[in-house]
1. What is the spin-label model distance, in nm, from Ala60 to Trp35 if the labels are put 7 Å beyond Cα along the C-beta direction?
2. Over the Cα atoms of the stretch 16-60, compute the convex hull volume and normalise it per residue, giving Å³.
3. For each of Ser33, Ser56, count neighbouring Cβ atoms within 10 Å of the residue's Cβ, then give the residues from fewest to most.
4. Apply the Karplus parameterisation 6.51 cos²θ - 1.76 cosθ + 1.60, with θ equal to phi minus 60°, to every residue of the stretch 36-48 and state each ³J(HN,Hα) to the nearest whole Hz, in sequence, with x for glycine and proline.
5. What is the spin-label model distance, in nm, from Asp49 to Glu27 if the labels are put 7 Å beyond Cα along the C-beta direction?
6. Quick one: which of 44-53, 20-29 comes out on top by average Cβ neighbours within 10 Å, and what's the full order, highest first?
7. Residues with amide H under 5 Å of Gly30's amide H, sequence separation 5 or more or different chain, H placed in the peptide plane at 1.01 Å from N; which?
Amino acid sequence: MTSPQQTYETSTETTDERLKVAARCRECGGIYSAWLFADDTVQPIGRKDGCRCGASAFEAISK
Ligand SMILES: [Zn+2]
């Protein structure tokens with residue numbers, strides 16, 4: 001089996017625009033792996049709806 005789309009996730013188009021960080025929910029303190037974007041947006045990885053507590057405000061705690 002070959003995978004012609006193998007290079008898809010290593011595209012350099014936006015790689016430098018985001019940083020993987022640990023982020024903390026501002027409401028409950030839950031810790032998630034998240035992307036920190038160049039505009040300081042913090043987006044928990046794999047959690048489009050935000051924290052399990054329902055909040056969507058996070059702060060990056062490591063870089
Ligand atoms: Zn929370």
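The numbers here are math on the coordinates, done by the rules we state, and not lab data. What you see is a predicted model, and the numbers here were worked out from it, not measured in a lab. Every residue, glycine as well, gets a Cβ built from its backbone with ideal geometry; the counts of neighbours run over all protein chains shown.
1. 1.3
2. Each residue corresponds to 58 Å³ of Cα convex hull volume.
3. Lowest to highest Cβ neighbour count: Ser33, Ser56.
4. 9, 8, 4, 9, 6, 5, 10, 10, x, 6, x, 10, 4
5. 1.2
6. 20-29, 44-53
7. HN-HN under 5 Å from Gly30: Cys25.
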